[in-house]
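Below: one structure, written as structure tokens.
The values are calculated or read from the model by the stated rules, or taken from the named source; none is laboratory data. Just so we're clear, the structure is a prediction, and the values are computed from it rather than from any experiment. As a convention, Cβ positions derive from the backbone with ideal geometry for all residues, glycine included, and neighbour counts pool all protein chains shown. These accessible areas exclude ligands, DNA and RNA; they are computed on the full protein's heavy atoms, side chains included. Shrake-Rupley method; radii C 1.70, N 1.55, O 1.52, S 1.80 Å.
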Amino acid sequence: SLSFEYQGTPFEILVPDGSVEGDVLRIQVGTVPADGSENKDEKDSEEERERGGLLGALGGLKEDDDTDKATKAEAKLEIGISVVPLGRGLKPYLYPKTETSENDSFVSLSLMESLPNSIEKSEKEGDGTHSMVWPSGKVLAQLLSSAIGVNFLEQKILETKSIMQYNCLELGSGLGVCGLALAHALASCCCSESLVKDRDGMDIKVVLTDQGLEAKQLLYENIHRNLLPSISSRSNSTVSISAESLCWGETLELIKVVPNKFHLVIGSDLLYNSKESYDPLLRTIQQHLHEDGTIILTCRWRKPILERKFFKKAETMGIEFKLCEEFLDEDEVLKRCPCLLDWRDYGNPAREASNKFFHETTVPIGKCNIGKKNVARSLCAKKTLAEISEDDTEKMSMEEYTIYEELQVQTYVGRFSSSETEEESESRKRMRIEDEH
């Protein structure tokens, strides 16, 4: 079961049968509108409670007697909650209240998908993509909080030599799943023996960003719902997390007071839109990333011809991306996201390796059952990635659709190319010439 609190009311939800580690559980809660009538029969009340979601089924929220009548007459408010389990690299002693089996995540994020009180439409900005957990976001969150992810972050901090403030930035945070996972992972890093010995007393800041007032407020709501564990008894370092509104192409006001810019920038599924957003996104990365910093970008490929242009433009601006080799050592990652193609090759019909990946990687289509009996996965209908159509995706179960999405997710690490070796520079030039021909 999963436990969480919503508007001061604790809930415990049974995990559906057949769930596996890494699944996202979406919970809908809501209030039942009050119309002032006092004599409703039991059937009507039951129907309203069913329509009112989780809180309705449990009796709804109690309202004060002096609640404004207009408020009582408001339409039903429904709020989705996504529960995302994190990786098992977090220090278990920081979460003493959790009880779990060896194979289960002992920390989960509970993320609201919208605000309890909606903002006026005139104040809304953005395209609404911030209000859900995207598959690549879940992958990155679980990577950062895995044992390999925590070790990766620890090494990145130690590489900064003697600095005592380490700044992290997430672009396109959405609900905050990746930024929150990063903050929890960094809290575990602070308690490691090597950091306590080498850099005790560090000040680590994590800033989550997205476009618009509503997105910023939603981030703050989710930050407060997923408080970081206390590390004061094991480390003199601190980890803080905040949210800011940021439109790509602009510069955070915070950057004017944050020394050394950001040593780590992360983002997931930032290339979903079109090439029109690539220039402002790259300018934002360039403006905020420390000259010796690292950017981790998890990409769900959709239009490879366009999306490869992002990486090409990044090179012209001095930012070099390559697959994150450290994360490729994680067996679970290779199982879920097995594609080892370079960005120059992915979806490129001129590259044999890409054609092989798309024509040999298969996905099950349709629920694998006949009547009431489950059928072995090997007997289910399968199609290759090259064959799958939009109609096929509509026939997929949630498990199958997740498999389909994650097969097309890759994690890249970027840095300013001024720090690359001469050999790496020459290799990059040769590959660019090959791409042009």
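Of the conditions (1) at pLDDT below 95; (2) open to solvent by less than 10 Å² (accessible area, probe 1.4 Å), G267 satisfies every one except a single condition; which number is it?
So the condition that G267 fails would be (1).
Of everything in the range 287-343, what is touching a residue at least 40 places away in the same chain (Cβ under 8 Å), open to solvent by 10 Å² or more (accessible area, probe 1.4 Å) and either of a type in the set (V, I, T) or part of a helix (DSSP H, G or I) (or both)? Give them in sequence order.
Result: T294, P304, I305, R308, K312, E315, D329, E332, V333, R336.
Please state which of the following conditions K367 fails to meet, knowing it meets all the rest: (1) of a type in the set (D, E, K, R); (2) assigned to a loop (DSSP other than H, G, I, E, B); (3) at pLDDT 85 or above.
(3)
Within the set of pairs 6 or more residues apart or between chains, which connect a residue that is free of Cβ contacts under 8 Å to residues at least 24 places away in the same chain inside the range 197-218 to a residue that is open to solvent by less than 60 Å² (accessible area, probe 1.4 Å) with Cβ atoms less than 8 Å apart?
none
Output the residues belonging to the range 174-189 that are hydroxyl-bearing (S, T, Y) and modelled with pLDDT under 95.
Answer for the range 174-189, where residues must be hydroxyl-bearing (S, T, Y) and modelled with pLDDT under 95: there is none.
Here are L227, L246: which of them is in contact with a Leu (Cβ under 8 Å, 6 or more places away or on another chain) and of a type outside the set (K, R)?
L246
Run down E159, E120, E113, E99 and say which single residue is modelled with pLDDT under 95, open to solvent by 50 Å² or more (accessible area, probe 1.4 Å) and under 25 Å from I266 (Cβ atoms).
After ruling out the rest, the residue left standing is E159.
Identify, please: which residue in the range 130-155 is farther than 12 Å from F327 by Cβ and open to solvent by 40 Å² or more (accessible area, probe 1.4 Å) and is, among those, modelled with the lowest pLDDT?
S131
Looking at the structure I just gave you, is R351 modelled with pLDDT of 85 or more, over 26 Å from the mean Cα position of the chain (by Cα) and either over 30 Å from H288 (Cβ atoms) or surrounded by 15 or more Cβ atoms within 10 Å (Cβ to Cβ) (or both)?
For R351, the condition - modelled with pLDDT of 85 or more, over 26 Å from the mean Cα position of the chain (by Cα) and either over 30 Å from H288 (Cβ atoms) or surrounded by 15 or more Cβ atoms within 10 Å (Cβ to Cβ) (or both) - is met.
Inside the range 379-392, can you point out the residues that are open to solvent by 30 Å² or more (accessible area, probe 1.4 Å) and either at pLDDT 85 or above or within 21 Å of K356 (Cα to Cα) (or both)?
Correct list: A381, K382, K383, A386, E387, S389, E390, D391.
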